[in-house]
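Encoded as structure tokens, the structure appears first; notes follow it.
Just so it is clear, none of the values below were taken in a lab; they were calculated from the coordinates. This is a predicted model, so every value here is computed, not measured. FYI the Cβ positions are ideal-geometry reconstructions off the backbone, even for glycines, and counts take in every protein chain you see.
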């Protein structure tokens, strides 16, 4: 198993290893699980709750629907950018982490050796991809089921610090928001909170931001 970390100077498509510390991805592939069985969006979740209660939509539900649709254009703009610039986003975020924490690349560091470098970049790409799914859905269910479920326990069992991983997720959000701002796709700065939401959710669930915390 590769330790989670990030690094630079590796082209993503060529050096991704076949193994990753991300447990739910590997397990779901082995089970032949379909993403359609796990994916839930904010609307279907809302309808499901009110259906179970046998109730019409109340004001809270209407407000939630309005929020979902009002933010749809922003979320889709972010997803389009992520799809187009994924490799560049990962590259830039990994370089920023490396610059801030150069010990990651030193002997004994979590990104030392080519194999670990490639695994780290693959994990960053994985977090970015699932953040884009969560943005489309405006729901974190898929993050829980496909990314976070059992991930921290796996890191702990391997003696791997979560700090670098958490920091890399936040840096991914930073880069995405900066690209959106520079491209003029988002004018209202308040909408960046919508874009950051899935990244911050994953970071919060993993817990720590200090690279030396574990």
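Calculated FRET efficiency, residue 115 to residue 53, Cβ-Cβ distance, R0 = 45 Å: about 0.30 to the nearest 0.05.
By the beta-carbon count within 10 Å of each Cβ, the least crowded to most crowded order of 67, 189, fewest first, is 189, 67.
Subtracting the Cα-Cα distance from 0.36 nm times the residue separation, let me have the gained length for residue 67 to residue 182 in nm, one decimal.
Working: separation 115, 0.36 × 115 = 41.40 nm, distance 2.48 nm.
Length gained, residue 67 through residue 182: 38.9 nm.
Note on residue 141 and residue 158: the model spin-label points, each 7 Å out from Cα along the C-beta direction, lie 2.9 nm apart.
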